[in-house]
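The block underneath contains the structure these notes are about, expressed in C-alpha cells.
Any read-out appearing in this document is the output of simple, stated calculations on the displayed coordinates, not a laboratory observation. Just so we're clear, the structure is a prediction, and the values are computed from it rather than from any experiment. We place every Cβ from the backbone using ideal geometry, glycine too, and count neighbours over all the protein chains shown.
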Amino acid sequence: MAAGDRIHEMAPNLLCFHCPACGYAHHVGVNGRKIPGSNGSMNEWGWNGSFSSPTFTPSLLVNKESLGTSPRCHSFVAEGRIQFLGDCTHAMAGQTVDIPEWDAAPRIAADVSNWGSATVALKLQ
C-alpha cells in the first residue's frame, strides 16, 4: 500500500474502505468479483482503478434493513469522497466526507474465503 491510499485490497478484486459513519469497513467486488448482497443477490461494482481517489458505481447499500445495532448506510463513492444519502439511518446522512486513509482506519480481520455463500465474518481489532 502506498501513502494516501483510501482503500485496501483484501483479496483479488475485493476492495474495502473504512466508513466513518458505521465505524467499520464496507466491501466492494470489482473486475468480475461478485459479493453477496443483503437480499441474496451477487453484486459487483465498477471502479476507476484508483486506491487514493476511488470511484465506485453504482451506489453502495449496506445493511439494507437496518436490523439490530448496524445502521443502514447508502452512499455514492466518487473521487475519494463518500456522499451519504438521505435514507441512511446514521448521524452522517446527507453529508459528504473524505474516505479516511487506510493507515488511519481501524484494523479489521476478515474471513472472505466463503464469499459466494452467506458466511462472512468481520471484526474490529
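A few points about this structure:
- Local charge for residue 52 was computed over the other residues whose Cβ lies under 14 Å away, with Lys and Arg +1 and Asp and Glu -1, and equals -4.
- 25 °C / 0.890 mPa s Stokes-Einstein diffusion coefficient of the stretch 1-82, Kirkwood radius on C-alpha pairs, µm²/s: 188
- Fewest-first ranking of 103, 5, using other Cβ atoms within 10 Å as the exposure measure: 103, 5
- Positive minus negative residues near residue 64 (Lys, Arg vs Asp, Glu; Cβ under 14 Å): -1
- Label zone at residue 81 (point 7 Å along Cα-to-Cβ), backbone N below 13 Å, the stretch 6-20: none
- Classified by the C-alpha gyration tensor, the stretch 1-49 has an oblate form. Its axis ratio a/c, with a ≥ b ≥ c, is 1.5 or above, and a/b does not exceed b/c.
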